[in-house]
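K.L.:
Input: one structure, supplied below.
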Amino acid sequence: MYINFWYPIATSEEVTNDKPHRTQVIGARLVAYRDDQGAAHVLADTCIHRGGSLGKGWVRDNCVVCPYHGWRFDKDGKCTDIPTLAADEKPPARPKVDSYPVQEKYGIVFAFLGDLPEAERPPLREVPEWDQEGWRANKLVVFEVNAYYERSMENGLDPSHNEFVHPAQGSPTISDDLKRKPLEVQDVPWGSEFIVKFENEVQGTEALGEAETLVPEVMAGSGHIGPNQMITWINFSETNRFSQYFFEAPIDENRTRIYFVNMRSWLLDPQHDERIANVNMMIAKEDIEILEELDPIRTPDSPSEEVLVRSDGAVTRYRECLKEWKDKGWRIDLKSLRDQQGDRAFAV
């Protein structure tokens, strides 16, 4: 897992101004809450006093209150009140918990978990279709997978598994011409992407109730920004398109929480929302059944531990990006931290 990227923390609905929302991302315990103006804030969960969980406390006067001794921390993590001090005493400067930059978009509260100055931070992936006329967003879907997030990301960057894993999509196959060539992967700032032509064995929109529309060929592809933000494009035609965004929150080395934003340029009537969401989750479950049985659970550190082929080009590039970020010192050694659990508390 890596610091210095944007991570989804909670849905907008989960973050309120009366009770902190407690969660865990990249192995770190966090809390999210709102102030009286509705702005969301994210803090480390552990009180600096004696280890109380701020997530078990409450929100008062725009601060999170520790349930153990009532210490209050504001949006910047600064302690603003210690009840055991006299009325004319102010808290010392030292009591502070970590706070994190926040963006709230697409019904999701994101936090930048790292220490880079604002001008140097990798971006949060934009969803340009969000406000565009002719596009509709399904209701945000959040689900958890008992799998390591890098495996989940690589699954989305893998065009060759669809033929075997996704009958609900028509078991799309890569064309023979493309199978003879290395996958053409284009670098983008902080990531990479590709588009290829797929051939369907069945009607490509049958699962959506549009069986009369034959789609023998589909242009589709995927890309990533950072280690945990992915997009998948599925273009049945110039007008019938899906743009699917996956913002992944590694909980720990064995669990991933995925925030799924699905945009579509057709079937725009709200009556189609539930049906499309059900199809999307049916396809996601096909992936989950595979991901939760992978061995080893985590992505191998050495390329020699797995046999990769031409169609794995996007996976190879993703792993190269991970190595680049590791070389910057951004990788978290969770195994080392786990050995110290119980002796120390950690924050990003």
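K.L.:
For segment 111-139, give me the residue count where each residue is over 24 Å from SER192 (Cα atoms), of a type in the set (D, E, K, R) and surrounded by 14 or more Cβ atoms within 10 Å (Cβ to Cβ).
P.N.:
Total satisfying the criteria: 1.
Here is a yes/no grid of residues against (1) open to solvent by 20 Å² or more (accessible area, probe 1.4 Å); (2) under 18 Å from VAL127 (Cα atoms):
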| residue | (1), (2) |
| --- | --- |
| MET219 | yes, no |
| HIS224 | no, yes |
| ILE231 | no, yes |
| PHE236 | yes, no |
| ASN240 | yes, yes |
| GLU248 | no, yes |
| ASP252 | yes, no |
| ARG257 | yes, no |
| PHE260 | no, yes |
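K.L.:
Name the residues in segment 224-260 that are touching a Phe, Trp or Tyr at 6+ places or on another chain (Cβ under 7 Å) and assigned to a loop (DSSP other than H, G, I, E, B), would you?
P.N.:
Once the filter is applied, which keeps residues that are touching a Phe, Trp or Tyr at 6+ places or on another chain (Cβ under 7 Å) and assigned to a loop (DSSP other than H, G, I, E, B), segment 224-260 yields GLY226, PRO227, ASN228, THR239, ASN240, GLU253, ASN254.
K.L.:
Among the residues of segment 290-313, which ones are touching a helix residue (DSSP H, G or I) at 6+ places or on another chain (Cβ under 8 Å) and in a helix (DSSP H, G or I)?
P.N.:
Result: ILE290, LEU291, PRO303, ARG310, SER311.
K.L.:
Which condition from (1) modelled with pLDDT of 90 or more; (2) among the polar types (S, T, N, Q); (3) within 20 Å of HIS161 (Cβ to Cβ); (4) in contact with a Ser or Thr (Cβ under 9 Å, 6 or more places away or on another chain) is the one that ASN280 breaks?
P.N.:
Only one criterion is unmet by ASN280, namely (4).
K.L.:
Scanning for something touching a strand residue (DSSP E or B) at 6+ places or on another chain (Cβ under 8 Å), of a type in the set (Ser, Thr, Tyr) and either open to solvent by 90 Å² or more (accessible area, probe 1.4 Å) or part of a loop (DSSP other than H, G, I, E, B) (or both), does segment 87-108 turn up at least one residue?
P.N.:
yes
K.L.:
Name every residue in segment 147-163 that is among the hydrophobic types (A, V, I, L, M, F, W, C) and within 18 Å of VAL185 (Cα to Cα), in order of residue number.
P.N.:
Scanning segment 147-163 gives MET153, LEU157.
K.L.:
Something else: Determine, yes or no, whether GLU184 is in contact with a Phe, Trp or Tyr (Cβ under 7 Å, 6 or more places away or on another chain), among the acidic types (Asp, Glu) and open to solvent by 60 Å² or more (accessible area, probe 1.4 Å).
P.N.:
Judged against the criteria, GLU184 is a match.
K.L.:
Output the qualifying pairs, or none if there are none: Cβ atoms under 8 angstrom, residues six or more apart or on different chains, first residue in segment 12-39 and in contact (Cβ under 8 Å) with a residue 60 or more places away in the chain, second residue open to solvent by 10 Å² or more (accessible area, probe 1.4 Å) and among the aromatic types (Phe, Trp, Tyr).
P.N.:
Within 8 Å, the pairs are GLY27/PHE346; ALA28/PHE346; LEU30/TYR100.
K.L.:
Would you pick out the residues in segment 262-297 that are open to solvent by less than 10 Å² (accessible area, probe 1.4 Å) and under 30 Å from ILE332 (Cα atoms)?
P.N.:
Hits for segment 262-297: nothing passes.
The values are calculated or read from the model by the stated rules, or taken from the named source; none is laboratory data. What you are looking at is a predicted structure, and each value in this text was computed from that prediction instead of being measured. Please note: Cβ atoms are built from the backbone with ideal geometry, for glycine as well, and neighbour counts cover all protein chains shown. With ligands, DNA and RNA removed, areas are computed over all heavy atoms of the protein, side chains included. Shrake-Rupley method; radii C 1.70, N 1.55, O 1.52, S 1.80 Å.
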